[in-house]
Structures are given as C-alpha cells and as structure tokens.
Amino acid sequence: MTLAFSDIRKQIDTLQIAERFFDSLLLFNLADLGVFAALAHGPRTLDELATATGGHAETLRAVLDAAVAVDLLQLPEPEAEPLRYAASPALLACLGDPESPTYLGEWMSFLGALVSPISQVAEAVRTGIPAGSMVDGSERDNRPARAMTRAMDAYARTRGVEIAQRLPLDGVRHLLDVGCGPGSYAMAFLDANPQLHATLLDLPGPIEIARGYVAERGLQARVSFAAADALQYTPERPVDMILVSNILHMLGPERSRALLARCFEMLQPGGRLVLQAEFLHADRRSPRWPTLLNLIMQATTEGGRNHSVDETSAWLAEAGFSDIEHQRLSPWNVNSVLLGWKRT
C-alpha cells in the first residue's frame, strides 16, 4: 500500500511530537555533564570537552553530534579539523555560568529529575499510585525533592523576591514561614523590613538546609527555626503574618484546608495570611505551567494536586479569613498571591 502525501505528513507531524523528548533529554544531559560550563569561554574540541567533563570520548561525541542535529549546539567551522563545538549566547547565559543572573542550572536539574516519574504516568493512571514521591515519609530527601528545593531557592532569589517588594509590611514584626524550604522568601521579607523577625517552619530535612542558607546570609539573629509538622506546631505567641508559599499543591484539598485552619489559629487578631501559589484557572487547563504542575503533583505525590484561585479562596473563607484578595505579580512571574485577614 502506498501512502498519500497527506498521510505521510500526519506520520511526520506525529513523530515530531514523539521525538521532542530527545531535545529535552539532550539539554538535561549536556547541563549535567558540564558541557555548557566548558563552552562558556569559547568553542571546544571533542578532546577538550572529554577532559572537562571526564566523559568517554566516543559516547560524548554521539551526545554532542545529536545536540548539533537538534540545534542545541553549533559547529562554528564545520570543515575545520579538529571540530570545535559551541553553544548560543542565550544557552550559555542560562546554563554556562552559575553567577549569571539568568542561570537556570537548578531548574534543569529539577526538570531532569522528573523524567522518570513523568514517563511512568500511564501506570499511575492505571493504578492510582504515583511513580515517584516529592515527599518521602517525613523528609524531602529524594532526588526530585532535593532538586526542587534548589530550584525554588534559585527562583525565589530572582523573580520570587517580588512578593516581599510588593506587599506592605508596616506593623509586621513577626513572620512565620510555613513550609519554608530553604527560607529564601522569608529572607526576602527580612531584607524588606529591618524590624522583622522570622520563624522558619518545616520538616527536619528542609530546616537543616535553611539553617545553612540563613548562616550564609548572616541573618541568624533575626531567624528562629522550628522543625515540626505545621499541623502540630504552636508558636510561643500568635504572629503578625504567615507566609505559605507553593505548599498546598503538595498536600491535596483536605490537608490544605486543615493547614489553613491551623494558620488562622496561629495569627493574632489583625494578622494576615500571605498565600503564594501557581494557581490554575477555573477550567484546570491553563495557564501552561500551573497545569503541568498539576500533572507533576499527580505523578509524584500521594494526594497532591494544583488548585485555582476560587477554590483556595473558598478554603480561606472556610478557615475564618475575611477580606480575601487576589494580587497578581509581574507577567513573567508564574506565582500570584492570595491575602486573607484575621479581623477578630
């Protein structure tokens, strides 16, 4: 049977979708091997890249040539001997220099760590059991979770600090950061308000990471640490403001509602809750990244899923919060904020 051109075109279009994973996997592996770091100061030969990465030259060449085929790398002088490989200025800015303000190395590690669980999502659909876990028992200590912690810290230190710059902090003296991770957002609030003291609350593993980051910043005198389950924690006295950032999607509806009720109890009258998240639209099919995050949570957590502004606002009202307000951030920031007040 001879296929018509229109049928061949359908096959080609379908195969192009299926083969896109090669582009992503090559990108992840080039970053993991340190190829972009090695190319940061100019084109390099195969032998030079093998030395820089400690890689097997023949296998490395297959990776490099495949990267050229999908336009991740270039050959500035394709007729020269020996060949020298290069990367675009944009990729080098994002992946070649850890000190670059546009560096995305942590995000590449995070996305690369998701390849295995996401590739098994069909089995998760069949069984209802996630292939991997972002939260392993009482600790976030598996590969996707560690990569996520580093990636969220990198995001918080760049675009994420906007939340502390946008919100008025007049009268706020004690911030409780629930599910603090590395503590990056709390430290942004400390920078914005010299009178502020922060308590970082999370499970023991993340708290140890946060202690290191706080020490690097020299902020120990203004920070307290609480290694505990937020649902079991009680502060010494009610706090002025509670930050819950990018946590609820890992918990699922019932635990999210329980956490928000607990936050209401921990606030003093007149205090506020700042809830930052990558909210879904009501149709649950947009925006792009929050929708993909919903899939990630389904594939990597027990019961986690992403949520919409209206859904979360209803949870806040149920917990007792009033004057609930949704604040958008910059167009390039995937997060937005819900504010809720404890008026009495």
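The values are calculated or read from the model by the stated rules, or taken from the named source; none is laboratory data. Note that the coordinates shown come from a computational prediction; the quantities given were computed from them, not determined experimentally. Because the Cβ atoms are built from the backbone with ideal geometry, glycine has one as well, and the counts that use them run over all protein chains shown. Protein only, heavy atoms only, side chains kept; ligands, DNA and RNA dropped before computing areas. Shrake-Rupley method; radii C 1.70, N 1.55, O 1.52, S 1.80 Å.
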Only residues that are surrounded by fewer than 17 Cβ atoms within 10 Å (Cβ to Cβ) and either over 27 Å from residue 206 (Cα atoms) or at pLDDT 55 or above (or both): list them for the stretch 121-140, please.
-> 121, 122, 123, 125, 126, 127, 128, 129, 131
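Can you go through 299, 282, 258 and tell me which one is assigned to a helix (DSSP H, G or I), over 20 Å from the mean Cα position of the chain (by Cα) and of a type in the set (A, V, I, L, M)?
On the way: 299 fails: over 20 Å from the mean Cα position of the chain (by Cα); 282 fails: assigned to a helix (DSSP H, G or I).
Result of the check over 299, 282, 258: 258.
Suppose the filter is part of a strand (DSSP E or B) and buried (at least 21 other Cβ atoms within 10 Å of the Cβ); does residue 271 pass it? If you could, list the steps in order and put the result at the bottom.
Details: part of a strand (DSSP E or B): yes; buried (at least 21 other Cβ atoms within 10 Å of the Cβ): yes.
Yes: the conditions hold for residue 271.
Take residue 291 and decide whether it is among the hydroxyl-bearing types (Ser, Thr, Tyr), out of contact with any Gly (no Cβ under 7 Å at 6 or more places or on another chain), open to solvent by less than 60 Å² (accessible area, probe 1.4 Å) and in contact (Cβ under 8 Å) with a residue 60 or more places away in the chain.
Details: among the hydroxyl-bearing types (Ser, Thr, Tyr): yes; out of contact with any Gly (no Cβ under 7 Å at 6 or more places or on another chain): yes; open to solvent by less than 60 Å² (accessible area, probe 1.4 Å): yes; in contact (Cβ under 8 Å) with a residue 60 or more places away in the chain: no.
No: the conditions fail for residue 291.
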Could you tell me which residue of the stretch 314-336 is nearest to residue 115 (Cα to Cα), considering only residues that are open to solvent by less than 30 Å² (accessible area, probe 1.4 Å) and in a helix (DSSP H, G or I)?
-> 315
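Of the residues 67, 90, which single one is open to solvent by less than 40 Å² (accessible area, probe 1.4 Å), free of Cβ contacts under 8 Å to residues at least 60 places away in the same chain and in a helix (DSSP H, G or I)?
Numbers: 90 fails: open to solvent by less than 40 Å² (accessible area, probe 1.4 Å).
Result of the check over 67, 90: 67.
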Pull up the stretch 76-87, narrow it to residues that are in contact with a helix residue (DSSP H, G or I) (Cβ under 9 Å, 6 or more places away or on another chain) and open to solvent by less than 50 Å² (accessible area, probe 1.4 Å), then point me to the one that is nearest to residue 158 (Cα to Cα).
-> 87
Within the set of pairs 6 or more residues apart or between chains, which connect a residue that is among the polar types (S, T, N, Q) inside the stretch 46-57 to a residue that is outside any loop (DSSP other than H, G, I, E, B) with Cβ atoms less than 8 Å apart?
-> 53/33; 53/35; 53/38; 53/60
Could you list all residues from the stretch 195-210 that are modelled with pLDDT of 95 or more and open to solvent by 30 Å² or more (accessible area, probe 1.4 Å)?
-> 197
Are any residues in the stretch 1-22 open to solvent by less than 60 Å² (accessible area, probe 1.4 Å) and touching a residue at least 24 places away in the same chain (Cβ under 8 Å), and if so, which ones?
-> none
Yes/no for residue 74 being touching a Phe, Trp or Tyr at 6+ places or on another chain (Cβ under 8 Å) and within 30 Å of residue 114 (Cα to Cα) = yes
Output the qualifying pairs, or none if there are none: Cβ atoms under 6 angstrom, residues six or more apart or on different chains, first residue in the stretch 96-115 and open to solvent by 60 Å² or more (accessible area, probe 1.4 Å), second residue at pLDDT 90 or above and not in a helix (DSSP H, G or I).
-> 97/40
